[in-house]
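The values are calculated or read from the model by the stated rules, or taken from the named source; none is laboratory data. Owing to the predicted nature of the structure, the values given are computational and were not obtained by experimental measurement. Cβ placement follows ideal geometry from the backbone for every residue including glycine, while neighbour counts extend to all protein chains displayed.
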Amino acid sequence: MTLRTVDWKDNSVIMIDQTKLPNKLVYVKFSDYKEVAKAIKNLVVRGAPAIGVTGAFGLALAALQSKAKTTNELIQDLETAKKILFETRPTAVNLSWGLEKIMRIAKQGQTVSEIQESVIHAAKQMADDDIKINMTMGKLGSELFKDNDTIMTHCNAGALATVAYGTALGVIRATKESGKKIKVIATETRPVQQGSRLTAFELKHDGIDVSLIPDTAVGYTMANRLVNKVIVGADRILRTGHVFNKIGTYQVATMAKRHGIPFYVAAPLSTFDLKSNPDDVIIEQRNAHEVTHIGDKKTAPDDINVINPAFDMTPPELITGIITEAGIAKPPFDESIKKLFEAKK
Ligand code: MRU
């Protein structure tokens, strides 16, 4: 079994502290939703599907923490918690998707205890569904990969970015499980190093052949035919097929196009935002320390100006296919994405 990133046990949320990886595999336990919000903000838990489920568990904690005597008071407390959890990270749509889903369920409850029970049940269900969806997506996506493929991935779209198994890395796992021999090239993914700290760690943990490259070697590896396919995850996908994902994804996709290398995205339907336009999406800007330091070591002059966007947008013309649990969308994406959602109804 792959790593389990986040879970609900004894009325608490348990998660791997991803800031400690790869040096220590440590689990942390929270029973206060404000601590969960801090954990999302500080990247103790990260990755779009993982923060969606963690947000839902945060609301479950808020329901248990509430001293409300009436259903109206409890819904008010949950609205407050939802706002605090929502404001942690703005780009991944899975967070608001998870929070809204739990709020809809809470509003159907007839008593305080019924709401508490239904919210906990729904959050746990969301976590279990996430694993099933990743496995379905993995199986579907594995058809696109062949024996002896070397697959590049950027950031971490693995078990650690979901509840377990992963989206992009789920496809890689399923390809390997289908008996094909594959190799993976993981980018380091500066500045937070989700590639070297997390992707390299979890693939090695599962015995998958992985080589690490600096982000600056993407062009070199492609030009020298050391990679023949790319797969990444996503934080938000628009109805037009514009993909928001970890900073640097756009560079990888542009380089893949230049070298005629297929570029795939794997994401559940909960990552789609069918309402927004590209300019509506807020790109999270993170603190300068991530760029001026590597860990605690300073690598830049004092008081240097820093631009540190956490995500970028890859336009649809650079994308070969988007793998979801409902099927694989191919260009033109506005039509194929619409069909995926119509089939779901
Ligand atoms: O800042 P992070 O680590 O939360 O960013 C994560 C990513 O960009 C992932 O690629 C994305 O969430 C897909 S996860 C299945």
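Of all the helices (runs of 4 or more DSSP H) wholly in the stretch 15-97, which have at least 1 residues that are in the same structural domain as D280 (by TED's automatic domain parsing) and touching a residue at least 60 places away in the same chain (Cβ under 8 Å)? Hits in the stretch 15-97: none.
Give the residue that is surrounded by the most Cβ atoms within 10 Å (Cβ to Cβ), with candidates limited to residues of the stretch 150-177 that are of a type in the set (G, A, S) and within 10 Å of the ligand (Cβ to nearest atom). Taking the candidates together, the pick is G166.
Looking at the stretch 72-83, can you tell me whether even one residue there is within 16 Å of the ligand (Cβ to nearest atom) and either at pLDDT 95 or above or surrounded by 24 or more Cβ atoms within 10 Å (Cβ to Cβ) (or both)? The answer is no, given that none of the residues of the stretch 72-83 is within 16 Å of the ligand (Cβ to nearest atom) and either at pLDDT 95 or above or surrounded by 24 or more Cβ atoms within 10 Å (Cβ to Cβ) (or both). Counting only helices (runs of 4 or more DSSP H) that fall entirely inside the stretch 216-295 and contain at least 2 residues that are within 16 Å of the ligand (Cβ to nearest atom), the qualifying elements are 249-258, 289-292. No other residue among A56, A127 is aliphatic (A, V, I, L, M), over 20 Å from F244 (Cα atoms), away from the ligand (no atom under 15 Å from the Cβ) and under 22 Å from the mean Cα position of the chain (by Cα) apart from A56. Is there a residue in the stretch 257-265 that is farther than 26 Å from K139 by Cβ, modelled with pLDDT of 95 or more and of a type in the set (G, A, S)? Yes, because at least one residue in the stretch 257-265 is farther than 26 Å from K139 by Cβ, modelled with pLDDT of 95 or more and of a type in the set (G, A, S).
Within the stretch 221-249, residues that are farther than 25 Å from D334 by Cβ have Cβ atoms under 8 Å from residues that are of a type in the set (G, A, S) and away from the ligand (no atom under 12 Å from the Cβ) in these pairs: M222/A256, counting only partners at least 6 apart in sequence or on another chain. Residues that are farther than 21 Å from L3 by Cα, in a helix (DSSP H, G or I) and not hydroxyl-bearing (S, T, Y) do not occur anywhere in the stretch 169-187.
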